[in-house]
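**Q** Pasting a structure below so you can have a look.
The values are calculated or read from the model by the stated rules, or taken from the named source; none is laboratory data. Model, not experiment: these values are computed from the prediction. Glycine gets a Cβ as well: all are built from the backbone with ideal geometry, and neighbour counts include every protein chain shown.
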Amino acid sequence: MKGNLLVPVVGAGAVLIWYGLNSSYAEKPKALSAVAVAPEDKRLIPNTSAGDGKDSTVSFSQLLTAYKQELRKWQSVRDAAFKQMQQIERQARQVCREFAWNATWSIKYDSLGLRSEVIWSKNQPRSLLTSCTNYVIGVTSSPGAPKIKPPPSKGGNWMDHSWERVAISIRQLQAQVKDAKALLPDLRKKYLAARADFDSAQNHVAEMEKKIADLHAREVY
């Protein structure tokens, strides 16, 4: 009697095991499920072909891996562009310190006008430094204009040569400002190109982050 009862019990267990195995095959993990790949994503996944204009079909896992690889690529491009922008800004600050100068001079005579003293001064206005750096990074269209009074050409009398020292110093400053100004357009061009690369890469990063987040929302990890 006991032997007869074992058969249906064992049979029922076998049926349950068979059903469980087949259920596990029937219900694939979400990451392995097939998904249609949009045309703009086909290029991200190797060995896929749309075929007859139709979307390629791959797994969610393949798509997530492709998005992550694309994200890392654009993050690298963005970071490289940002470092280049920082480097150019440092160069701009150095050049602008050579450029942003104002200078003036005056001749002070004694009571008889026989002797004179040439007094000159130069200063570096913060506003001129700011306009110079803003020009390089594309905020303004002009670096500003240093105000340097032309050098003196003579002293109080034919024996007075004190003006010559001041004239030499001012001409040197003028040459320095001119050389620095010549460097600014190239720095600006390089900075704007680096910023364009940064903005483009950042847009791609944001796009990939959104696509990855969308897959995570669908329980694909």
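**Q** Which residues, taken from region 94-113, are at pLDDT below 95 and either charged (D, E, K, R) or part of a helix (DSSP H, G or I) (or both)?
**A** Lys108, Asp110
**Q** Here is a follow-up. Picking from Ala180, Ala175, Ala201, which residue would you name as being closer than 20 Å to Asn134 by Cβ and not hydroxyl-bearing (Ser, Thr, Tyr)? Even if it seems obvious, please write down each step before you answer.
**A** Working: Ala175 fails: closer than 20 Å to Asn134 by Cβ; Ala201 fails: closer than 20 Å to Asn134 by Cβ.
Only one candidate passes the filter, namely Ala180.
**Q** Just one of (1) under 22 Å from Ser116 (Cβ atoms); (2) polar (S, T, N, Q); (3) free of Cβ contacts under 8 Å to residues at least 24 places away in the same chain trips up Ser162, so point out which.
**A** Single failed check for Ser162: (3).
**Q** Could I ask something else about it? Evaluate region 203-215: report whether one residue or more is surrounded by fewer than 13 Cβ atoms within 10 Å (Cβ to Cβ), modelled with pLDDT under 95 and under 30 Å from the mean Cα position of the chain (by Cα).
**A** Looking for residues that are surrounded by fewer than 13 Cβ atoms within 10 Å (Cβ to Cβ), modelled with pLDDT under 95 and under 30 Å from the mean Cα position of the chain (by Cα), one finds at least one in region 203-215, hence yes.
**Q** Tell me which of these Ala167 doesn't satisfy, since it passes every other one: (1) more than 20 Å from Cys132 (Cβ to Cβ); (2) surrounded by fewer than 17 Cβ atoms within 10 Å (Cβ to Cβ); (3) without any contact (Cβ under 8 Å) to a residue 24 or more places away in the chain.
**A** Every condition holds for Ala167 apart from (2).
**Q** Of all residues being modelled with pLDDT under 95 and assigned to a loop (DSSP other than H, G, I, E, B) in region 114-149, which is surrounded by the most Cβ atoms within 10 Å (Cβ to Cβ)? Just the residue, please.
**A** My answer is Arg115.
**Q** Which of (1) at pLDDT 70 or above; (2) farther than 30 Å from Asn203 by Cβ is the odd one out, the single condition Asn4 does not satisfy?
**A** (1)
**Q** Which of the residues that make up region 84-113 are over 14 Å from Asp179 (Cα atoms) and β-branched (Val, Ile, Thr)?
**A** Ile88, Thr104, Ile107 - these are the residues of region 84-113 that are over 14 Å from Asp179 (Cα atoms) and β-branched (Val, Ile, Thr).
**Q** So the check is Cβ under 8 Å with 6+ separation or different chains; which pairs have a first residue in region 185-196 that's under 13 Å from Gln86 (Cα atoms) and a second one that's in a helix (DSSP H, G or I) and small (Gly, Ala, Ser)?
**A** The qualifying pairs are Leu187/Ala92; Tyr191/Ala92; Ala194/Ala81; Arg195/Ala81.
**Q** Test of understanding: among Lys189, Lys154, Lys181, which residue is out of contact with any Leu (no Cβ under 7 Å at 6 or more places or on another chain) and within 25 Å of Asp79 (Cα to Cα)?
**A** On the way: Lys154 fails: within 25 Å of Asp79 (Cα to Cα); Lys181 fails: within 25 Å of Asp79 (Cα to Cα).
Exactly one of Lys189, Lys154, Lys181 is out of contact with any Leu (no Cβ under 7 Å at 6 or more places or on another chain) and within 25 Å of Asp79 (Cα to Cα), namely Lys189.
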